[in-house]
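Bear in mind that the values in this text are calculations on the coordinates, not laboratory data. Bear in mind that the values here come from a model prediction, so they are computed numbers and not experimental data. Because the Cβ atoms are built from the backbone with ideal geometry, glycine has one as well, and the counts that use them run over all protein chains shown.
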Amino acid sequence: MAASLVAFSLEDKKSLQQMNDISQSMKKSLGNSAKFGVAKTEILLNILNGEYQKAITELEDLKKGNGDFWGSKYIAKETLPLIYIITGDYIKAEAAISEHTKHLMVSEKQTSNLRGLVFLGKGNYSQAISEFTTYLGLKISI
């Protein structure tokens with residue numbers, strides 16, 4: 001059983017590497033309009049490989065406007081809090097959520113699910129539940 005789990009894990013790594021190679025090849029041959037899709041794929045591959053710093057660097061680059069797609073800043077601001085939550089950097093997650101909430105089309109309610117994940121990670125369960133119920137539009141008192 002353990003041997004099959006290791007083989008599966010190695011096969012996954014090979015598949016991820018093949019996807020990364022294809023992504024790099026596409027990035028070189030495609031025009032600007034398609035490069036953002038490739039960048040999103042690379043970010044996802046970095047996350048799946050546990051290479052969070054690479055994903056953060058790519059997202060920070062997109063957030064600065066170094067992407068060719070109009071929504072690249074928005075997507076970067078939306079994704080960064082999740083990576084910071086995954087890595088346990090709750091201070092950066094809170095700052096990224098706050099920055100994302102400043103976007104004209106994003107309300108406090110829309111980011112309450114992210115704040116809930118931060119509180120959950122910090123062990124503040126009652127505040128996490130409060131944020132999740134706000135996100136869901138529920139009226140629950142604890």
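Key figures
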item	result
MET105/LYS14 FRET efficiency (R0 35 Å; Cβ-Cβ; nearest 0.05)	0.30
Neighbour-count ranking [beta-carbon atoms within 10 angstrom, fewest first] of ASP21, ASP89	ASP21, ASP89
Residue order, fewest to most beta carbons within 10 Å, for LYS102, LYS40	LYS102, LYS40
Ordering of 112-118, 45-51, 91-97 by burial proxy (mean other Cβ atoms within 10 Å per residue, highest first)	112-118, 91-97, 45-51
Separation in nanometres of the label points that stand 7 Å from Cα toward Cβ, at ILE22 and TYR52	2.8 nm
